[in-house]
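In what follows, a single structure is set out as structure tokens and then discussed.
Since every read-out is calculated from the coordinates, none of them should be taken as a lab result. The structure presented is a predicted model; accordingly, all values stated were derived computationally and were not measured. When we count neighbours, we look across all protein chains shown, and the Cβ atoms used for this are built from the backbone with ideal geometry, even at glycine.
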Amino acid sequence: MLAKPFTSYAALAVILAALSLVFLNFPASRFTISIIIGLSYFLWGLLTHFKDKTLHLSVILEYLAISLLATTILIFISLRA
Amino acid sequence: MIKTLSHLFTPQPSNNYKAKTLHISSLSIFLIIVMISQILISFIGKNVPGVLGIASSITAEDLIDLTNQKRQDNGLTQLEINPSLTSAAMQKAADMINKNYWAHTSPEGRTPWTFFKEVDYQYLYAGENLARDFLDPQSVINAWMKSPTHRDNILSRRYQDVGIVVVHDTFQGQPTTLVVQLFGTQIGSALPSVDKGIQPAEAVLAEITPGEGVAGLKDKIPFLSSFQLTKAMSISLTLILLSVIIFDTIIITKKKIVRLSGKGLAHLIFLGILLILLLGIQPGLIL
């Protein structure tokens, strides 16, 4: 029972860590990577809650809001850097 | 007061067992605040000189010293400062600022070599390194040394001369420190060059200070970096959200409250990664 969510969280952490390395090491691609990071998290949320049968509009909007907020922050900091 | 704070930061019946700060409406407000603050920073940066910008400590003298230090460390002769190359670098910087491009070749197709020719520098070998938005000279050199092509320019045996300019100006809509470094060897020069004694940097280096040379330079040095301000604001917001999520998750788990919501641990991982990125990001681009 514990293995499934752990794998899911581990996959999220690995994906985000890999994208973060690209973000920090390739300044020219930061804009694109920022969008990919936000999109990855949003899709991860949708997929995980879909599997759990807990995918509702409020959950979708929550992931959308957090992803959008993080992406916006990353894009602006990249533009200033 | 305590009731309001409790409503904002802890799950309870009044906020449907989810900290109000984590509601979609609150997250949307944060998003709007981030966007408005960035528009304001850009507006102030453009319209109120001396308030926001890049508080850079980069000087051409430091860059030439560090470049020659790297060459010396690798057993190479030191580059000599060439006034013609410095003039070409100045023209290249002015061209980028006036025509608003960040590239080795201008939108009209002018290559770096055009600027060499315009100052009558008849080159046998020539190279160009560009950098922008760095805060100190060591960071510029470190970034160039990490890039194979820029490193090749700095450590090339083919070059004898160098010209560097550092420009502080508004570039592509934001206050910027722009660095143009040109390398060259003139036709007829013997390679490898013999170290003839280096001309003092102060003599010919073109450190463009505000109000000189290039059109459009601002008259005041900014006292606050727009990058550092954006970074501080972003880190603060991320820390607030992380704290609220941790607090919210602990209370929900302790009280065994079942609610329809996103996964707290996932939000923590995501915002944790965001925090690491914000802490790790450094200003500066090279080309």
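Treating each Cα of the range B:10-157 as an identical point scatterer and summing with the Debye formula, the log10 of I(q)/I(0) at q = 0.10, 0.15 Å⁻¹ comes to -0.56, -0.92.
Give me the percent relative contact order of chain A, please, defined on Cα pairs under 8 angstrom at least 6 residues apart.
Answer for chain A is 32 percent.
A simple spin-label model places pseudo-atoms 7 Å from Cα toward Cβ; at B:SER156 and B:LEU287 they are separated by 1.8 nm.
Please report the projected area of chain A's Cα convex hull averaged over all directions, in nm².
Seen from a random direction, the Cα hull of chain A projects 5.4 nm² on average.
Each label was represented as a point 7 Å from its Cα along the Cα-to-Cβ direction; for B:THR170 and B:ILE187 these points are 4.3 nm apart. Pairs spanning more than 19 Å between alpha-carbon atoms, out of A:LYS53/B:LYS255; A:LYS53/B:LYS20; B:LYS99/B:LYS231; B:LYS18/B:LYS254; B:LYS18/B:LYS256: A:LYS53/B:LYS255; A:LYS53/B:LYS20; B:LYS99/B:LYS231. In order along the range B:252-268, the Karplus-derived 3J(HN,Hα) couplings, from 6.51 cos²θ - 1.76 cosθ + 1.60 at θ = phi - 60°, round to 4, 5, 5, 7, 6, 7, 9, 8, 8, 7, x, 7, x, 5, 5, 4, 5 Hz, and Gly and Pro are given as x. In this structure, the amide hydrogen of B:TYR123, modeled 1.01 Å from its nitrogen in the peptide plane, lies closer than 5 angstrom to those of B:ILE187, counting only residues at least 5 positions away or on a different chain.
Peptide A:10-20 is shielded by partner chain Cβ atoms: per residue, an average of 3 of them sit within 10 Å of its Cβ.
The Cβ shell under 14 Å around B:SER37 holds other residues with a net charge of +2, Lys and Arg each +1, Asp and Glu each -1. Under a 5 Å amide H cut-off, with hydrogens placed 1.01 Å from N, B:THR176 pairs with B:ILE54, B:ASP169, B:THR170, B:PHE171 among residues at least 5 apart or on other chains.
Helix A:3-25 sits at what angle to the longest principal axis of chain A, using alpha carbons and giving 0 to 90 degrees rounded to 10? It works out to around 10 degrees.
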